[in-house]
Amino acid sequence: MLEHLGSFKRTHYCGEISEKDLGKEVKVAGWVDTTRDHGGVVFIDLRDRTGKVQVVFSPEISKELVEKAKKLRHEYVVAVEGEVRRRPEGTENPKLKTGNYEIYAKKLQILNRSLPLPFPIEDNVKVSEEVRLKYRFLDLRRPKMAENLLFRHRLYRVVREVFNEEGFIEVETPYLTKSTPEGARDFLVPSRIYPGKFYALPQSPQLFKQILMVAGIDRYYQIARCFRDEDLRADRQPEFTQIDFEMSFVAERDVMAVAEKFIRRAYKELLGIEIGEIPVMTYDEAMSRFGTDRPDTRFGLELKEITDIAKQCNFKVFRSVAEKGGIVKALNFKGGAKLSRKEIDELTKFVGVYGAKGLAWIKVLPDGLQSPIVKFFTEGEMNEILKRLEAEVGDILFFVADKPEVVNAALANLRLKLGKMANLIDESKVNILWVVDFPMFEWNEEEERWEALHHPFTSPKEEDIEKLLENPGAVRARAYDMVLNGVEIGGGSIRIHREDVQEKVFKVIGLSEEEAKERFGFLLEALKYGAPPHGGMAFGLDRLCAIMRGEESIRDVIAFPKTQRGQCLLTGAPDTVREEQLDELHIRVETPDSEKE
Ligand code: ASP
C-alpha cells in the first residue's frame, strides 16, 4: 500500500548529513538506490539530488518496520525518519561523502513504486545513448548527470553576477521573429493568422541586440536560446544556448575585457583555476602556424611553409601546386621515424578526408634520409627543408601540397591527431587565447561570390574601408574569437553603425538594396536614427560547460538534448501532427518518396 506524505517535512538532504547531525532526529526523502538484507537487518542507500546516505532498518526498533523495508526495490520513493549515528568501526564507506554515518530508521513511508529499471542508476553504466535519452528522467538521476546540471546552474549564476556587476541589463528578445543573418538555415513556424506567412526562430539575437543599442540600452546581456537548422555535425544541437551581450561606445578591447572577466571568474569560482594573461593572435599567424583559426596551443608540432622551395624544386607534385598558386606546408612529428608503412598509409587516408591528395613524408634515420621524395631535391634544398623543420634523427616530416584551404585543414587535423597519438596534450591545462583580425569576406567558390565570414553587420577595420569595393579579400574585420583548448567558445565583433559602410558591405556580398531591405530592413531603418558605435560577443554556453566539466559531448550538459539526427527520443519530436492542425495552418504535407514507408 502506498502512503501519503502526510505531515512529513524534510529536514535534511541525503548527501548533506554530516558530523554536526550526529544524534539528531532527521527526516529525509528520496529514491532507494540499493537495498541489502544482512541477517534480518535491512540497509538501504537513499538518494536525492545531493547524494546518498545509508539508512538502517533494525528489528531492535520494530519487526514490522523491517518487514516493510524488505519490500523496497530500486527507485521506490520513500520518506524516512530516524536518528543519525556514526557507523560502527570498520563499516564506513570512504567513497561516500556521508560514508561515516547512517540513519537509524524509526519510521518509513513508501510513497511510490518504480518499474524495473532499463539501466542501473550509476555513473559509467554501459548503456546506449538512445536508451539514456529515452529514459532521460532516469539518466538525470545518475550522480554525474545531476552534477552536470548543477554545474550549469552555477555557470548561469556566474554569468548573471559578472554582467550585472558590469552594468549590463538582461533583456529577452523574441523567439518568433524574422530570419537572422548567421548564415545557417532557419527553423520556420507557420502563422495561423496570416496564411502562407512564417516566423523564423532566431539563429541568434544579433539584430535585436543591435537595435537595443540604438534604443540606448547601452549594455545588454541574455542567456539566449538560438536555433539553427544545420545538417547536424557530430556535436551540434539544432537549439543551443548562448551567453549573448552587446555594448555601446566601445572598441574591441572593451568587449574583450568583459569576456575575459567572465571566463576568469567562471574558472576561478567553479573550478578554482586562475586564468593568466590571455594572449592575442592574429588570424594570419594562427593559420600560418597551426592551419586553423582555433589553434590548440597546448602543444607544438607547428606547421612550416616551404612553398618558396617547392616552386623551384624538381619534385613535380610540389612545383606544379606552387606554380598554380597553391602552397606546400609541413610539420615535424618528433620521434615519429618509427611509424610503420601501414601507419603512414592510415595517416594518408586520414588527411584524404580533408581533401589532401597525398601525404609526402621524410624519415630522418641515423644512416640518412628515407623517403620516396628525397631524390627530387638538391642537397641545398633538402638542407633548407630540414633546417626549417628543425629535423633531427628519429623525426618524420609530413608534407601536404594543395590549395591553402586543403593544406591547412589537412595539416591542422593531422597535427591534432599526432598530438593525441603521442600524448603531447596536457589535458589538465586550460589554454585560452584570442584570435583577431579575421578577413571580412570569404570567397564562395561554388556560388562565385564573396560571403561575410562572420555576419554582414561586422565592421571592417577603419583603415580597410576604402578597399571594400576594389579588393574585398584584403579587408580585415573588427572581429575576435575566444579559443579554449582548440575550441572556439565565443566570438563577436564591433558592428557597422554607419549606413554608407553597411551598404558597401551588402554590395560586396551581392545583396541588392531591395533584398537587404526585405531581410534586414528594420535594422537598417534603426541604424538611420542615431545608432551609437557598438559591439558585442556571444559565448557558446553548452560547449563551455562541457569543456569545464570534462565532458566529450555537449548533450551531457543539456537536460533534454536532441540526438545527432535532431530527434528528441524522450518526447518523440519531431512528430506528425493532426490533420486539423495542418488545416488551421493552411499547410498540405507532401512526404518525399525517400521517407515513405
Ligand atoms: N551573433 C554572433 C553569433 O551568434 C555573435 C556576435 O557577433 O555577437 O555567433
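Strictly over 26 Å apart at the Cα level, which of LYS27/LYS95; LYS324/LYS507; LYS95/LYS144; LYS375/LYS417 would you flag in this model?
The answer is LYS324/LYS507; LYS375/LYS417.
Go ahead and run the numbers for FRET between GLU305 and GLU515, Cβ-Cβ distance against an R0 of 30 Å, rounding to 0.05.
FRET efficiency, GLU305 to GLU515: 0.15.
Given R₀ = 22 Å, what would the calculated FRET efficiency be for GLU147 paired with SER114, taking r from the Cβ atoms and rounding to 0.05? Write down the numbers at each step before the final one.
Details: r = 22 Å, r/R0 = 1.00.
The pair GLU147/SER114 has a calculated efficiency of 0.50.
For segment 280-371, which trypsin sites (Lys or Arg not before Pro) pass both filters: DSSP loop (anything but H, G, I, E, B) and at most 10 other C-beta atoms within 10 Å?
Qualifying residues, ordered by number: LYS324.
Report relative contact order for segment 83-135 in percent, whole number only (criteria: Cα-Cα under 8 Å, sequence separation at least 6).
Averaging sequence separation for qualifying contacts and normalising by length gives 27 percent for segment 83-135.
Are there GluC sites (Glu not before Pro) in segment 1-40 that DSSP marks as loop and that have at most 14 other Cβ atoms within 10 Å, and which are they?
GLU3
Semi-axes of the equivalent ellipsoid of the chain: what are they in whole Å, largest first, if each equals the square root of 5 times a C-alpha gyration tensor eigenvalue?
With the √(5λ) rule applied to the chain, the semi-axes are 52, 36, 24 Å.
Extension gain THR34-THR91, at 0.36 nm per residue separation less the Cα-Cα distance, in nm? All intermediate terms of the calculation are to be shown ahead of the outcome.
Values: separation 57, 0.36 × 57 = 20.52 nm, distance 1.62 nm.
Separation in residues times 0.36 nm, less the Cα-Cα distance, equals 18.9 nm.
What full-extension length gain, to one decimal in nm, is calculated for LEU22 and THR571 as 0.36 nm per residue of separation minus the Cα-Cα distance?
Contour length minus Cα-Cα distance gives 193.2 nm.
Could you name the aspartates and glutamates in cross-link range of LYS68, using Cα to Cα under 13 Å and dropping any fewer than eight places away on the same chain?
GLU3, ASP37
Just to be sure I follow: if Rg is taken over the C-alpha atoms of segment 361-444 and Rh is the Kirkwood radius over the same atoms, what is Rg/Rh?
That ratio is 1.06, to two decimals.
Pop out the ³J(HN,Hα) list for segment 145-153 in order, Karplus 6.51 cos²θ - 1.76 cosθ + 1.60 with θ = phi - 60°, rounded to Hz; leave Gly and Pro as x.
Listing the rounded values in order: 5, 4, 5, 4, 5, 5, 4, 4, 4 Hz.
DSSP loop trypsin sites (Lys or Arg not before Pro) in segment 84-158 with at most 16 other Cβ atoms within 10 Å of their Cβ, which ones?
LYS95, ARG113, LYS126
Using Cα pairs closer than 8 Å and at least 6 residues apart in sequence, work out the relative contact order for segment 264-367, in percent.
Across segment 264-367, relative contact order equals 15 percent.
Placing unit charges on C-beta atoms (Lys and Arg positive, Asp and Glu negative, everything else neutral), compute the dipole magnitude of the chain about its Cα centre in debye, rounded to 20.
Using Cβ point charges on Lys, Arg, Asp and Glu, the chain gives about 2180 debye.
Using a Förster radius of 35 Å, what is the FRET efficiency between VAL353 and ASN314 based on their Cβ-Cβ separation? Nearest 0.05, please.
For R0 = 35 Å, the calculated efficiency reads 0.75.
Just from its helices, what would the mean residue ellipticity at 222 nm be for the chain, if runs of 4 or more DSSP H residues each count -39500 (n - 2.57) and the sum is divided by every residue, rounded to the nearest 500 deg cm²/dmol?
Value at 222 nm, helices only, nearest 500: -8500 deg cm²/dmol.
Cα centroids of segment 105-177 and segment 218-239: how far apart, whole angstrom?
Each part reduced to its Cα centre gives a spacing of 19 Å.
Would you calculate the separation in nanometres between label points at GLU274 and GLU323, each defined as 7 Å from the Cα along the Cα-to-beta-carbon direction?
Those two pseudo-labels are separated by 5.8 nm.
Mind checking which lysines have their Cα closer than 19 Å to the Cα of LYS71? Skip sequence neighbours fewer than 8 apart in that chain.
Qualifying lysines at Cα under 19 Å: LYS63, LYS106, LYS107.
Give the Rg (one decimal place) followed by the Dmax (whole number) of segment 471-597, computed from C-alpha coordinates and expressed in Å.
21.7, 57
Which of the lysines could a cross-linker span from LYS420 if the Cα-Cα distance has to be under 21 Å and same-chain partners fewer than 8 positions apart are dropped?
Output for LYS420: LYS304, LYS329, LYS334, LYS338, LYS342, LYS349, LYS363, LYS429.
Note down the relative contact order for the chain as a percent, whole number, built from C-alpha pairs under 8 angstrom at least six residues apart.
The value is 13 percent.
Residues in segment 77-108 near a label at VAL41, defined as backbone nitrogen under 13 Å from the 7 Å Cα→Cβ point?
Answer for this model: 85-92, 102-105.
Treating the Cα atoms of segment 82-207 as identical point scatterers in vacuum, please give the log10 of the normalised Debye intensity I(q)/I(0) at q = 0.11, 0.12, 0.21, 0.23 Å⁻¹, two decimals.
Rounded to two decimals, the profile gives -0.82, -0.90, -1.18, -1.20.
Which of rounded, prolate, oblate describes segment 1-119, given a ≥ b ≥ c as roots of the alpha-carbon gyration tensor eigenvalues and a/c under 1.5 marking rounded, otherwise prolate only if a/b is larger than b/c?
Values: a/c = 1.28, a/b = 1.26, b/c = 1.01.
Note, shape of segment 1-119 comes out rounded.
If you stretched the chain out fully between GLU3 and ARG341, how much longer would it get, using 0.36 nm times the residue separation minus the C-alpha to C-alpha distance?
Net length gain for the segment: 114.7 nm.
The numbers here are math on the coordinates, done by the rules we state, and not lab data. All of these numbers come straight from a predicted model, not from anything done at the bench. Cβ coordinates were reconstructed from backbone atoms using ideal geometry, including for glycine residues, and neighbour counts include every protein chain displayed.
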